[in-house]
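Worksheet: one structure, shown below.
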Amino acid sequence: MSNIVVVGSQWGDEGKGKIVDFLAKDADIIARYQGGDNAGHTIVVGDEKFIFHLIPSGILYPDKKCVIGNGVVLSPKVLFEEIENLRSRGIYVGDNLLISDRTHLIMPYHLLIESYDENKRGTKKIGTTGKGIGPAYMDKAGRLGIRVGDLLDFNAFIEKLDLNLPIKARLLSESDSWIKSMRSAIIEEYKVYSEKIKPFVTDTSLFIYDAVKSGKKIIFESAQGTLLDIDVGTYPYCTSSNSIAGGVCTGLGISPTMIDKVLGVAKAYTTRVGSGPFPTEMPAEMNERIRQKGQEFGATTGRPRRCGWFDAVAVRYSSRINGFSSIAITKLDVLDELDKLNICVGYKYKGKIIDNFPSQLGALDGVEPIYEQVEGWQTDTSNIRDYNDLPKNARKYVEKISQLLELKIDFIAIGPKREQIIEIQ
Ligand code: GDP
Ligand code: IMO
Ligand code: MG
């Protein structure tokens, strides 16, 4: 194995956490490069379920290093809650966690700004996770951001806070007394974080560079999915970072030559949380059936996920953008009971067949999916570990996907547990 990027190929929640956890056993370092605690990556080991928001999905292996890169936006509150929670469950978190000093901080006012913006959008709400992600990236791009490194020099932190607060007060139509109380509350809270975060902070770009030079193996863990990427996703119904493989270089401060392989993760169907176009969304009854069977409720917000058929046009687009070397198909077991399944093989737009994913939201909203119907297998697949033991129609289904994507399938997940995976050589 070499240095692998694990990327979501749809609208997030593809099962990246499970795949990263599986690959992590043969790696040395697991690094997050973007997003924040909008992510919810689930790993089930035995009877225990872990949901990671900020900490990379390699932390369950005590001998691996986990890195939070400069491209992440970090809520210290969530970070320390996550660390405490893991420690209380007997998971070691200490010198195995490294945080970039260039990582931007999520501040309490980011959550207020996000809530204000979402309310203003009315019916055109993005349906964000409400974690302050967008406003934190706005400050980063606007060069107003406060970084983890600033916490190490608390005077610098206060200076930057004092620059920000009047600007935020104006944005939120708040008064001088708001500035005063916000200032003292933030100083009190973040002073504690500044002490607690110290042992974890380092130049992670250099750490990864040295590790690669000495032959260490790295998993780059994306959050969200390609269709939620700020540049190539379904803008504006997307997140605020580059979740695609290209984000690894900027989000960790490393060279593209350090990446050997890009593994796409795709659910055997499609889900989406929040608003925005979704060509293959299922009718209400089928939507609910898949939601219940797949337990499609947000790992971060608990919101019901919208469910749809597998969309080969969308995943082919993801494959092109990320340059997938191969793919992992997850949650095949969720389709076990169906007698017929649809696969979207193309779109029709204004009477014409198109096979590219449209860049304009208006067009995507107006496309009509072209389905190919295939027979179901109506057999429980959750205990199968060998590809050849899968029912014939299940093999036909994944082979159809593989053929449409022109990609080899490396893994098929058939349940949430660590061992519920089929590796295809
Ligand atoms: P991530 O954000 O991409 O890591 O995915 P999430 O953890 O948000 O959502 C995936 C959900 O599906 C979690 O509840 C996982 O435990 C679960 N899961 C992952 N793989 C499988 C699978 O193959 N079958 C089933 N039934 N559940 C799975
Ligand atoms: P993981 O890593 C699914 C969605 C939100 C919303 C949009 C913008 O678990 O796959 P944000 O809070 O990022 O500004 O919200 O993006 N979203 C996700 N959907 N999985 C995620 O992460 C997501 N992170 C953000 O629902 O539509
Ligand atoms: Mg998730």
**Asked** Residues K140, K168: which one is away from ligand 2 (no atom under 14 Å from the Cβ), modelled with pLDDT of 95 or more and outside any strand (DSSP E or B)?
**Response** K168
**Contacts under 8 angstrom Cβ, first residue in region 298-324 being closer than 30 Å to D260 by Cβ, partner of a type in the set (F, W, Y), 6 or more apart** = F310/Y269; V313/Y347; V313/F357; A314/F357; R316/F357; Y317/F357; S318/F324
**Message:** I'm told A223 meets every condition in (1) in a loop (DSSP other than H, G, I, E, B); (2) under 23 Å from D101 (Cα atoms); (3) away from ligand 3 (no atom under 16 Å from the Cβ); (4) not β-branched (V, I, T) except one. Can you identify the failing condition by its number?
**Reply:** (3)
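Taking only region 9-38 into account, find how many residues are among the acidic types (D, E), more than 12 Å from ligand 3 (Cβ to nearest atom) and surrounded by 24 or more Cβ atoms within 10 Å (Cβ to Cβ).
So in region 9-38, the residues among the acidic types (D, E) come out as 13-14, 21, 26, 28, 37.
Cutting the leftovers down to more than 12 Å from ligand 3 (Cβ to nearest atom) gives us 21, 26, 28.
From what is left, the residues that are surrounded by 24 or more Cβ atoms within 10 Å (Cβ to Cβ) are 21.
Count: 1.
Would you confirm, using the coordinates I've provided, whether P236 is open to solvent by 30 Å² or more (accessible area, probe 1.4 Å) and either more than 15 Å from the chain's Cα centre (by Cα) or under 30 Å from N119 (Cα atoms) (or both)?
Numbers: open to solvent by 30 Å² or more (accessible area, probe 1.4 Å): yes; either more than 15 Å from the chain's Cα centre (by Cα) or under 30 Å from N119 (Cα atoms) (or both): yes.
When the stated conditions are applied, P236 passes them.
Just one of K293, K216 is outside any helix (DSSP H, G or I), basic (K, R) and in contact (Cβ under 8 Å) with a residue 24 or more places away in the chain; which is it? Reasoning before the result, please.
On the way: K293 fails: outside any helix (DSSP H, G or I).
After applying the criteria, what remains is K216.
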**Message:** Being exposed (fewer than 14 other Cβ atoms within 10 Å of the Cβ), charged (D, E, K, R) and touching a residue at least 12 places away in the same chain (Cβ under 8 Å) is the filter here; which residues of region 137-177 pass it?
**Reply:** D162
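Which of the residues that make up region 343-363 are assigned to a strand (DSSP E or B), under 17 Å from Q403 (Cα atoms) and open to solvent by 30 Å² or more (accessible area, probe 1.4 Å)? It would help to see each step written out before you state the result.
The initial filter retains those residues of region 343-363 that are assigned to a strand (DSSP E or B), namely 343-349, 352-354.
Restricting the remaining residues to those that are under 17 Å from Q403 (Cα atoms) gives 343-346.
V345, the sole residue that qualifies.
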**Prompt:** Going by the conditions given, is N388 under 22 Å from V313 (Cα atoms) and open to solvent by 70 Å² or more (accessible area, probe 1.4 Å)?
**Reply:** no
**Long-range neighbours under 7 Å by Cβ, at least six apart or interchain, first residue in contact (Cβ under 8 Å) with a residue 12 or more places away in the chain within region 353-379, second among the basic types (K, R)** = V367/K348; E368/K348; I370/K348; Q373/K340; V374/K396; V374/K400; E375/K340; G376/K340
**Request:** Being of a type outside the set (S, T, N, Q), open to solvent by less than 40 Å² (accessible area, probe 1.4 Å), touching a helix residue (DSSP H, G or I) at 6+ places or on another chain (Cβ under 9 Å) and assigned to a helix (DSSP H, G or I) narrows it down to one of G134, G122, G127, so name that one.
**Result:** G134
**Prompt:** Are any residues in region 286-324 more than 21 Å from I51 (Cβ to Cβ), acidic (D, E) and crowded, with 23+ Cβ neighbours inside 10 Å, and if so, which ones?
**Reply:** D311
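So, of the residues in region 39-52 that are within 14 Å of ligand 3 (Cβ to nearest atom) and open to solvent by 40 Å² or more (accessible area, probe 1.4 Å), which turns out to be farthest from G134 (Cα to Cα)? Step through it out loud before you land on a result.
Going residue by residue through region 39-52, those that are within 14 Å of ligand 3 (Cβ to nearest atom) are 39-44, 49-52.
Checking which are open to solvent by 40 Å² or more (accessible area, probe 1.4 Å) leaves us with 42, 49, 51.
Working: T42: 23, K49: 28, I51: 22 Å.
The residue in question is K49.
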**Request:** Examine region 98-105 for a residue that is in contact (Cβ under 8 Å) with a residue 12 or more places away in the chain, farther than 21 Å from I208 by Cβ and in a loop (DSSP other than H, G, I, E, B), and state whether such a residue exists.
**Result:** no
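Output the residues belonging to region 218-233 that are within 12 Å of the chain's Cα centre (by Cα), of a type outside the set (A, V, I, L, M, F, W, C) and either open to solvent by 10 Å² or more (accessible area, probe 1.4 Å) or on the phi > 0 side of the Ramachandran plot (or both). Give the steps one after another, and end with the answer.
Taking region 218-233 as the starting set, the residues that turn out to be within 12 Å of the chain's Cα centre (by Cα) are 220-229.
Filter once more, keeping what is of a type outside the set (A, V, I, L, M, F, W, C): 221-222, 224-226, 229.
The one that is within 12 Å of the chain's Cα centre (by Cα), of a type outside the set (A, V, I, L, M, F, W, C) and either open to solvent by 10 Å² or more (accessible area, probe 1.4 Å) or on the phi > 0 side of the Ramachandran plot (or both): Q224.
The values are calculated or read from the model by the stated rules, or taken from the named source; none is laboratory data. Just so you know, these numbers come straight off a predicted model, no measurement behind them. Glycine also receives a Cβ, built like all others from the backbone with ideal geometry; neighbour counts cover every protein chain displayed. Each accessible area value is taken on the protein alone, full model and side chains, heavy atoms only, with ligands, DNA and RNA left out. Shrake-Rupley method; radii C 1.70, N 1.55, O 1.52, S 1.80 Å.
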